1. Gly36 is checked against (1) within 12 Å of the ligand (Cβ to nearest atom); (2) within 22 Å of Glu108 (Cα to Cα) and fails just one. What number does that condition carry?
2. Considering every residue within the range 217-229, establish whether at least one is among the polar types (S, T, N, Q), more than 14 Å from the ligand (Cβ to nearest atom) and in contact (Cβ under 8 Å) with a residue 60 or more places away in the chain.
3. For Ala24, which of the numbered conditions (1) within 24 Å of Asp181 (Cα to Cα); (2) aliphatic (A, V, I, L, M); (3) within 16 Å of the ligand (Cβ to nearest atom) fails to hold?
4. Among the residues of the range 95-133, write down those that are under 19 Å from Asp151 (Cα atoms) and of a type in the set (Lys, Arg).
5. Please go through the range 64-77 and give me each residue that is out of contact with any Lys or Arg (no Cβ under 9 Å at 6 or more places or on another chain) and either within 23 Å of Asp151 (Cβ to Cβ) or of a type in the set (D, E, K, R) (or both), ordered by number.
6. May I ask you to list pairs of residues, at least six apart or on different chains, whose Cβ atoms are under 6 Å apart, with the first in the range 177-194 being within 10 Å of Ala215 (Cα to Cα) and in contact (Cβ under 8 Å) with a residue 60 or more places away in the chain and the second being crowded, with 20+ Cβ neighbours inside 10 Å and basic (Lys, Arg)?
7. From Leu57, Leu39, which residue is buried (at least 18 other Cβ atoms within 10 Å of the Cβ) and either within 16 Å of Ser228 (Cβ to Cβ) or not basic (Lys, Arg) (or both)?
8. Which pairs turn up if I take residues in the range 26-54 that are aromatic (Phe, Trp, Tyr) and look for partners that are in a helix (DSSP H, G or I) with beta carbon separation below 8 Å, at least 6 apart in sequence or on another chain?
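The values are calculated or read from the model by the stated rules, or taken from the named source; none is laboratory data. Keep in mind that what you see is a predicted model, and the values were worked out from it rather than measured. Here Cβ is always computed from backbone atoms with ideal geometry, including for glycine, and neighbour counts include all displayed protein chains.
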Amino acid sequence: MDRDSEGRRAELAANLQQVLDRIARACEAAGRPAGGVTLTAVTKTYPASDVLLLAGLGVTDVGENKDQEAAAKAAQAQAAGVRLRWHFVGQLQRNKVKSVAGYADVVESVGSERLAEALGRAAQTREVPLDILIQISLDGDPSRGGVVEDDLWRVSDTVTSSDGLRLAGVMAVAPLGWDPDRAFGRLAVLAGQMGERYPGATTVSAGMSGDLEAAVRHGATHVRIGTSLLGMRNSLR
Ligand SMILES: *Cc1c(COP(=O)(O)O)cnc(C)c1O
């Protein structure tokens with residue numbers, strides 16, 4: 001390893017330790033078992049070399065929000081013999097579903113029946129079903145890609161009626177200006193209802209660099225961390 005990547009590795013290792021400590025403290029404060037929360041490293045805008053370094057440090061799950069970028073990194077990881085769980089977390093256009101279904105293990109950002117149907121068709125040729133999280137728009141604004149609460153069960157049923165898909169749970173981003181406890185508290189109620197309707201749909205993806213503690217307090221099983229792990233991104237995305 002050259003000196004630059006050695007330095008980057010040390011930086012990522014230190015950041016990772018801090019994030020894991022935050023998660024562990026949040027679990028303890030919530031009376032939850034350590035290890036009940038999976039870290040998804042959101043590597044968008046950062047190079048594949050960072051993904052490989054994180055994998056070497058023990059990270060198992062990575063998140064990306066743009067198909068082209070994700071596809072390239074997934075291919076590089078595979079070429080390097082590194083097996084990771086790839087989470088697609090961004091707004092997804094229907095003309096990209098075929099590509100995403102080719103490398104993703106989880107699509108966290110399903111917010112419409114049409115997208116669920118398109119993913120179902122694209123996933124039919126997969127060996128294992130594609131895990132799906134329904135993204136919920138907690139403030140009822142559908143413009144950022146989630147379903148409003150009234151549509152949650154309709155979209156969920158579309159997922160469960162598709163052979164290539166497995167309904168795995170819910171995802172949300174705390175709406176801007178909301179108290180994260182309010183947001184993730186509401187998400188927990190909906191996640192509980194989903195678990196009753198669809199046993200097996202137990203994933204709750206919530207919490208980012210700024211609000212992971214609140215998410216863990218309200219039952220998140222997965223936190224999606226970018227900035228605290230990899231550093232500030234240049235562009236707002
Ligand atoms: C970028 C992104 C994250 C990570 O956010 P940070 O604040 O950098 O930790 C999490 N979830 C989604 C959907 C994202 O797009």
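1. With (1) within 12 Å of the ligand (Cβ to nearest atom); (2) within 22 Å of Glu108 (Cα to Cα) applied to Gly36, the lone miss is (1).
2. Among the residues of the range 217-229, at least one is among the polar types (S, T, N, Q), more than 14 Å from the ligand (Cβ to nearest atom) and in contact (Cβ under 8 Å) with a residue 60 or more places away in the chain, which makes the answer yes.
3. Tallying (1) within 24 Å of Asp181 (Cα to Cα); (2) aliphatic (A, V, I, L, M); (3) within 16 Å of the ligand (Cβ to nearest atom), Ala24 fails exactly one: (3).
4. If the condition is that a residue be under 19 Å from Asp151 (Cα atoms) and of a type in the set (Lys, Arg), then Arg114 is the only one that fits.
5. Residue satisfying the conditions is Lys73 alone.
6. Pairs found: none.
7. Residue meeting the stated conditions: Leu39.
8. Tyr46/Leu230
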